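First the structure, in the form of structure tokens, and then the observations on it.
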């Protein structure tokens, strides 16, 4: 049976704005309070999805969260009409209003962790939404994320869904941004690599000093248990605390894998040699390509600025691998020179394609942040909600939808506008009908 890796990209929500909410994310903080363009951001994301579909990839669409999150504002003590709630939050707690308007769910790599059926004990594709406890604005997402996942992957013959982990820093989980899977074939058993930033129950172990470590070893182990993964096909590795303190807030900012390729910076991990040896041993005799980028080739600072590793590595239908990179990589001389040289080397990576995702990059997420990777066989793919799979028709429909509902520009002052709430709800209500995902939002229930 054929197998595929599908990429489900998050649609950018109507309240896309630059609030600088993510400590440890250099791009997010440096562009705080800039004027955003929700319409441009959503169209850029759709163009990337359509381009990958045109390359022959299985490309899906993942709905955004309901924002502004009036439910959470009411839970935190703001009362009255929806307009009253927005105005009171704007005057009394503007940072809370920003958090409850965040469009951060666009970075679907943080939606959850996925284990393909080839890896799991019961032979199903397993999903665990990320709890994202480290950042308040993202901790609002897991319930709705779970609803959307269950609507897209609804057939329990093929798919198993878990509740997100306990809402506590000890089990801080950031989803696929700290998870990589290596395999020979997408449908066969692979090696799942869980990268963590700290030990939750042992303060004597290495940990970053400046910025938070968002993923714990204990969370990664819990997900492996929930998904029924075999110990001899799982590797746990700690991210280098020093690079977290340099702005590498997720592992996918410093490392990315695809099939038999692990592309990483030499400063990415602790105990790198032992880690690579374990991966090689658990992968088996098949050839694994460990592509190391040395600091004197590309600095960590340039990796963070350009998101060299927050690129996607995809395998085209002809078997060649391609890197999907942001234009920031093209515009940086050292990174562009490195990538030009990489595709001439004896590795499976044969080309680089550059995309304009500037609205996402300014807010702290590159091409890899925008997608959740799901390896499936043909039967599983046929069980996916077909209305969420990219096509010429869906691209046209969603482009029209964005142009109809999204604002050209958005500032912080706009977040208190009751009309923005009405516009967002109208957009999402229509979207659930386009994608046929049912009433996944609180305002619909």
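None of the figures in this text is laboratory data; all of them are computed from the coordinates on show. These figures come from a predicted structure and were not determined experimentally. Positions of Cβ are backbone-derived with ideal geometry, glycine not excepted, and every protein chain shown enters the neighbour counts.
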**Cβ crowding within 10 Å averaged over residues, with 228-241, 61-74 ranked highest first** = 61-74, 228-241
**Asked** What relative contact order, as a whole-number percentage, does the chain give when Cα pairs under 8 Å and 6 or more residues apart are counted?
**Response** 24 percent
**Item:** Centroid-to-centroid separation of the stretch 338-361 and the stretch 210-267 [C-alpha atoms, Å]
**Value:** 22 Å
**Item:** Distance in nm between pseudo-label sites at residue 337 and residue 391 (7 Å out along the Cβ direction from Cα)
**Value:** 4.8 nm
**For peptides 316-322, 152-158, sequence by mean Cβ density within 10 Å, most packed first** = 152-158, 316-322
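Take 353, 2, 305 and order them by how many other Cβ atoms sit within 10 Å, fewest up front. Intermediate values should be presented prior to the final figure.
Values: 353 16, 2 11, 305 19.
By the 10 Å Cβ count, ascending, the order reads 2, 353, 305.
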**Complete:** Pseudo-spin-label distance residue 71 to residue 84, built 7 Å along Cα→Cβ, given in nm, is 2.2 nm
**Prompt:** To the nearest 0.05, what FRET efficiency results for residue 409 and residue 358 with a Förster distance of 22 Å applied to their C-beta separation?
**Reply:** 0.90
**Complete:** Most exposed to least, judged by fewest other Cβ atoms within 10 Å, 148, 349, 223 sort to 349, 223, 148
**Asked** Pick from 92, 189, 280: which is most flexible by mean-square fluctuation in a GNM of the chain where alpha carbon atoms under 10 Å apart are linked?
**Response** 92
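Which peptide among 257-265, 190-198 comes first, and what is the full order, when sorted by highest mean count of other Cβ atoms within 10 Å? It would help to have the intermediate numbers written out before the result.
Working: 257-265: 22.9, 190-198: 24.6.
Top to bottom by mean Cβ count within 10 Å: 190-198, 257-265.
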**Prompt:** When DSSP assigns beta bridges and you keep just the ones with both residues in the stretch 300-445, what percent turn out antiparallel, to the nearest 5?
**Reply:** 40 percent
**Message:** If each residue of separation counts as 0.36 nm, what is the full-extension length gain between residue 351 and residue 34 once their alpha-carbon separation is subtracted?
**Reply:** 110.7 nm
**Prompt:** In deg cm²/dmol and to the nearest 500, what is the mean residue ellipticity at 222 nm of the chain if only DSSP H runs of at least 4 residues count, each as -39500 (n - 2.57), divided by the residue total?
**Reply:** -9500 deg cm²/dmol
**Asked** Pick from 432, 81, 347: which is most flexible by mean-square fluctuation in a GNM of the chain where alpha carbon atoms under 10 Å apart are linked?
**Response** 81
**Request:** Once you have the Kirkwood Rh of the stretch 359-445 from its Cα pairs, apply Stokes-Einstein at 25 °C and 0.890 mPa s and quote D in µm²/s.
**Result:** 157 µm²/s
